[in-house]
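Asker: Below is one structure. I have some questions about it.
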Amino acid sequence: FSGQPMTLIYSAAGGLLSWCALCLLRRLLTGEQIWLASPVAAVFHNLGQLLAACAVLRSWAVTAWLPYLIIAAVIAGLFTGIAAQALIGRLNRIKK
């Protein structure tokens, strides 16, 4: 909330699209496949931000960044997802 008003639009669009994708994935993935959800959510977050940028700028030119953003999202999402999966496994062992 401390940035530009446009930041809120981009973040909200990315977050909403990512959340919708995760709601659909929840029905498909098991507890052992949580690590897959993070890269998918990251890709959809970037896609939502790009769609918001297209709407704000009234141009599809920003979609040229899509391939680079998908690669970055998959790498960062895999790292985050694997770390989350490891943490959940440890917490389950502590719980028992």
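Asker: Somewhere in the range 8-24, is a residue open to solvent by 50 Å² or more (accessible area, probe 1.4 Å) and either assigned to a loop (DSSP other than H, G, I, E, B) or among the charged types (D, E, K, R) (or both)?
Answerer: no
Asker: For Val56, indicate whether it is modelled with pLDDT under 95, open to solvent by 50 Å² or more (accessible area, probe 1.4 Å), under 23 Å from Ser11 (Cα atoms) and in a helix (DSSP H, G or I).
Answerer: So Val56 passes the test.
Asker: If you don't mind, another one. Scan the range 25-43 for residues that are more than 17 Å from Ala72 (Cβ to Cβ), part of a helix (DSSP H, G or I) and not β-branched (Val, Ile, Thr) and jot them down.
Answerer: The answer is Leu25, Arg26, Gly31, Glu32, Gln33, Trp35, Leu36, Ala37.
Asker: Is it the case that the range 59-80 has a residue that's assigned to a helix (DSSP H, G or I), open to solvent by less than 40 Å² (accessible area, probe 1.4 Å) and more than 18 Å from Ile9 (Cα to Cα)?
Answerer: Yes: one or more hits.
The values are calculated or read from the model by the stated rules, or taken from the named source; none is laboratory data. Remember, predicted model here, so these are calculated numbers, not experimental data. Ideal geometry is used to build each Cβ from the backbone, glycine not excepted, and the neighbour counts take in all protein chains shown. To get the accessible areas, we keep the full protein, side chains included, count just its heavy atoms, and leave off ligands, DNA and RNA. Shrake-Rupley method; radii C 1.70, N 1.55, O 1.52, S 1.80 Å.
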